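Written below as structure tokens is the structure these notes are about.
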Amino acid sequence: MKALVAASRPFSWVNTAYPFAAGYLVATGGRVDVALVVGTLFFLVPYNLLMYGVNDVFDYASDLANPRKGGIEGGLVPPDQARAVHRRVLVAAGVLVVPFVVWLLLLGSVAAGAVLLAVLFLVVAYSAPGLRFKERPVLDSVTSALHFVGPLLYGLVLAGAALTSRSVWPVLVAFVLWGMASHAFGAVQDVQADRDGGIASVATVLGARTTARAAVVLYVVAAGVLAALPWPGVLAAVLPLPYAVSTARFWWVDDLTCERANAGWRTFLWLNLVTGAAVTMLLIAAA
């Protein structure tokens, strides 16, 4: 059980459950129903176990050589236990995910079901052999962003929201940009480890410095997109800026000093909690 919990990254559960719940509540005018409860539970635990568990299983060889793996940044089991634990992780992910997905598919519209299946495909495609989107530079950042935007998009579509509304599309676009920036910057710290392990990423291709600077730019552009929101939502334009400032500390990082960026990544994890609280207050103000 401990290995399963570690594989699901409990610290990050809120990063997927919250977007779904917030999107659904806003689109339905605050309606609390079984769809909200079941969907939130799904994106809280089963979704994260699938996303991170599959990643841990198929990235195990490279994770062993990466000194930052283990604990908050990824479960890592001893080699003599790996095969048995990885089997349990994959089985548990399937057992937890399938009933939720079947129920949600029966509940929602065809459009909502298509979004849900697409989101789940990207979760698996990111790490699974034969697809490995995580090793396709730029596509890796886009896919990673959609891991978190996907639950929000699904919540909106499930609730029947108009995606072209001025209150909706800037949030979706900015969230994708934010997610791409966050993934790209997260890859900076692993440039050397990934190259040593023969793994390609946006950071191994562009280099640590260019990638870190691109992340700063993407955060700033995300802030600019959010400025298109009506009042008081426009206040959300401030939220990506702390990420830009934190990431800008590594403007001069290079491939040899890439591991310094881990300090910025840890700041990112805590910024997510502060940002989530700020988003909640904005949603309350806009209600």
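The values are calculated or read from the model by the stated rules, or taken from the named source; none is laboratory data. These numbers come from a predicted model, not from an experiment. Don't worry about glycine lacking a Cβ; one is built from the backbone with ideal geometry, like all the others, and counts go over all protein chains shown. Note: areas computed on protein heavy atoms with side chains; ligands, DNA, RNA excluded. Shrake-Rupley method; radii C 1.70, N 1.55, O 1.52, S 1.80 Å.
The table below lists the values:
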item: Principal axis dimensions, region 126-171 - Cα atoms, whole angstrom, descending; result: 36, 19, 12
item: Using alpha carbons only: equivalent-ellipsoid semi-axes of region 75-198, gyration tensor based, whole Å; result: 29, 22, 10
item: Long-range Cα-Cα pairs in the chain (distance over 33 Å), rounded percent; result: 20
item: Residue with peak Gaussian network fluctuation, the chain [Cα springs, cutoff 10 Å], from Asn55, Asn262, Asn15; result: Asn262
item: Carbon/sulfur fraction of accessible area - the chain, other protein chains in place, 1.4 Å, %; result: 72
item: Residue-normalised accessible area of the chain, expressed per residue, 1.4 Å probe, Å²; result: 45
item: Radius 14 Å from Cβ of His147, net charge of other residues (Lys, Arg +1; Asp, Glu -1); result: +1
item: Probe 1.4 Å - accessible area at Met281, Å² to nearest ten; result: 130
item: Size descriptor, Kirkwood hydrodynamic radius, that averages inverse alpha-carbon separations across region 181-287, Å; result: 14.5
item: Distance between modelled label sites at Leu283 and Arg249, nm, 7 Å Cα→Cβ extension; result: 2.9
